[in-house]
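A short write-up of the structure that comes next.
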Amino acid sequence: MNLAEKSTAELQRLDSNHYLHPFTDPKALLKKGARVISSADGIYIWDSDGEKILDAMAGLWCVNVGYGREVLSRIAYEQSKELPYYNSFFKTTTPPAIALAEKLVEVTPDGFNQVFYTNSGSEANDTVIRTVRRYWRLLEKPEKRIIISRKRAYHGSTVAAASLCGDSIYHEMDGLPIPDIVHIDCPYWYGEGGDLTPDEFGLKSAQSLESKIKELGPEKVAAFIGEPIQGAGGLIVPPDTYWPEIQRICEKYGILLISDEVICGFGRTGNWFGCETYGFLPDLMPIAKGLSSGYMPIGGVMIHDRIAEVLIKKGGEFSHGYTYSGHPVACAVALGNLKIIEEEQLVEKVAKETGPYLKKRWQEFENHPLVGEVRTVGMLGAIELVEDKDKRKFFDSSMKVGDTCRDFCVENNLVMRALHDAMVVSPPLTITVEQIDEMFDLVKLCLDLTADKFGIS
Ligand code: PXG
């Protein structure tokens, strides 16, 4: 069956009949049919009707080196010819898994000398939970089990990772979270900071961790997990005071600190890792997405020496792993991807050239009648839509203003995420300043159309 020869309508019919999509209402999909994406190059994707679309989300925050990298396709081909699969269980390994581990040690902050491979960010966070609890057991503190996460957090979609998420939509479906996971407030200054300055609010927000630890008892708390910048929760950029205070509190009470680098890792914030942008040093770092730029499914957990020493010296068998942990093709492609990031100096480009340019252009949106706040860091940008910017008054969620703006984006061949009423971009790190201008013009058009529709001027 050659699907390429089928009409879009036929593809859509087959799709809705047989494919249950992630995070999608199947009834709505049946009515409308999915957009069929059939090819991609650079920052653009094409649909089955030949429409060219600017992908300002780099897929799902992941295609850091942009689409159409032939070198990565060749690496996948060569590696699968040489050795398509072998595992790392029972004292075996493969050259690509070793080579990628060595490279990861090189690009991560000092003290990270071990990686555990997974196939996704969700599995990485499941691995984090098991590693943290095992660590405390080995130190003969098995009662230290509770993991503190935050509201608006997104850490994945397996039962354990979804439990770490901080929004009830992830929990309602099947009675999550699992036991011993609790959530505190997040550092969302624009929405919750009131009259405090961002720095005052950052400290206050971090100190809610201290209150929670005291309430639960530090002897029961195993770890705190957070994304350096919260992605799927609405691009919540923490005030500068936040992370150093979180680190201080974790050290004071002997709580492990986990930086979920699934979105922020591999150059997204203008450093290799988000924790470097915010000046803190975690114990564990789940990684995925930009690790392979989405060319192969792969994730992992970087483990600091402090933790690794205990696991190795005190531990027996680590009874955890996946058939495809350290998959040779995925590892080879990820390594090729990291080489592109290095050779093209994409992290430096974001820090010095395109990141500042995105900030400058996005700040222009502050004058738009619909825009309450603009947040940018590196190659991440959010535009918060509000009903009344002077009073910081948000739209009623039933008005679905963000979704409406997103629909205008779809009509105008732009992929931009609506997260609550924050419109978010996270384009490939290869985007040029000219392409940022092109993205700006499209975003502006969609904001204007949304403002018109809701009568905001
Ligand atoms: N941690 C973070 C910080 C993430 O953003 C995961 C873990 C889970 O990774 P996997 O590879 O299991 O999906 C994520 C994933 C969205 C969206 O709508 C965000 C993600 C995934 C899908 C959709 O913004 N983030």
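Quick notes
- Euclidean distance of C-alpha centroids, the stretch 330-384 and the stretch 196-240, integer Å: 24 Å
- 5 angstrom amide H check on ARG417, placed H, neighbours 5+ away: VAL424
- Relative packing of peptides 374-381, 78-85, 53-60 - highest average C-beta neighbours within 10 Å first: 374-381, 53-60, 78-85
- Violating pairs (Cα-Cα greater than 23 angstrom) within the set LYS141/LYS289; LYS220/LYS252; LYS151/LYS204; LYS144/LYS204; LYS212/LYS252: LYS141/LYS289; LYS144/LYS204
- Computed label-point distance, nm, for sites ASP185 and LYS360 using a 7 Å Cα→Cβ extension: 3.7 nm
- The stretch 197-337: C-alpha gyration tensor shape, a/c 1.5 cut-off, then a/b vs b/c: oblate
- Sparse packing (at most 11 other Cβ atoms within 10 Å of the Cβ) combined with a DSSP loop state is found for the following GluC sites (Glu not before Pro) in the stretch 1-65: GLU51.
- Top positive-direction residue, dipole computed over the chain with Cβ charges, set PHE201, PHE395, VAL115: VAL115
- Think of the stretch 122-174 as having a plus end and a minus end, set by charges on the Cβ of Lys, Arg, Asp and Glu; of THR131, GLY166, ALA153, THR131 sits farthest toward the positive end of this dipole.
- Cα gyration tensor shape for the chain, rounded if a/c is under 1.5, else prolate or oblate: oblate
- With contributions of -39500 (n - 2.57) from each DSSP H run of at least four residues, the per-residue ellipticity at 222 nm computed over the chain stands at -12000 deg cm²/dmol.
- Rounded to the nearest 0.05, the FRET efficiency derived from the C-beta distance between LEU311 and ASP452 at R0 = 56 Å is 0.45.
- Taking all Cα pairs closer than 8 Å and separated by 6 or more residues, the relative contact order of the chain comes to 20 percent.
- For the stretch 182-198, backbone phi angles converted through the Karplus equation (6.51, -1.76, 1.60; θ = phi - 60°) give residue-by-residue couplings of 10, 10, 10, 5, 10, x, 8, 4, 4, x, 10, x, x, 8, 6, 6, x Hz, Gly and Pro being listed as x.
- The mean sequence separation of alpha-carbon pairs under 8 Å and at least six residues apart, normalised by the residue count of the stretch 385-430, gives a relative contact order of 31 percent.
- Summary value for the stretch 129-250: 31 percent relative contact order, contacts being C-alpha pairs under 8 angstrom separated by 6+ residues.
- Gyration tensor verdict on the stretch 116-265 (Cα atoms; rounded if a/c is under 1.5, prolate if a/b is larger than b/c, oblate otherwise): oblate
- What the phi angles of the stretch 57-73 give under the Karplus curve with 6.51, -1.76 and 1.60, with θ = phi - 60°, is a coupling list of 10, 6, x, 10, 6, 10, 7, 4, 8, x, 7, x, 7, 4, 4, 6, 5 Hz, glycine and proline written as x.
- Rounded to whole Hz, the Karplus (6.51, -1.76, 1.60) HN-Hα couplings of the stretch 137-153, x for glycine and proline: 4, 5, 8, 6, 10, x, 6, 7, 10, 6, 10, 9, 10, 9, 4, 6, 6
- Distant-in-sequence amide H partners of ASN64 (H built 1.01 Å from N, under 5 Å): SER293
- Pairs of lysine residues in the stretch 319-396 - Cα separation under 29 Å, sequence separation of 8 or more or cross-chain: 12
- Anchor LYS32: lysines whose Cα lies under 28 Å away (excluding residues fewer than 8 positions away in-chain): LYS6, LYS52, LYS400, LYS444, LYS453
- Where the chain is the region considered: accessible area per residue in Å², 1.4 Å probe: 45 Å²
- Of all accessible heavy-atom area on the stretch 335-378, the percent that carbon and sulfur account for (1.4 Å): 45 percent
- Rg/Rh for the stretch 274-347, where both radii come from Cα atoms and Rh is the Kirkwood radius: 1.03
- Partners for LYS314 among aspartates and glutamates (Cα-Cα distance below 17 Å; same-chain residues under 8 apart left out): GLU140, ASP305
- What separates the Cα centres of the stretch 12-40 and the stretch 51-117 is a distance of 28 Å.
- In a reduced charge model with +1 at each Lys and Arg Cβ and -1 at each Asp and Glu Cβ, the chain shows a dipole moment near 1180 debye about its Cα centre.
The values are calculated or read from the model by the stated rules, or taken from the named source; none is laboratory data. For clarity, every value in this text was computed on a predicted model and none was experimentally measured. As a convention, Cβ positions derive from the backbone with ideal geometry for all residues, glycine included, and neighbour counts pool all protein chains shown. Just so you know, the surface numbers come from the protein's heavy atoms only, side chains and all, with ligands and any DNA or RNA stripped out. Shrake-Rupley method; radii C 1.70, N 1.55, O 1.52, S 1.80 Å.
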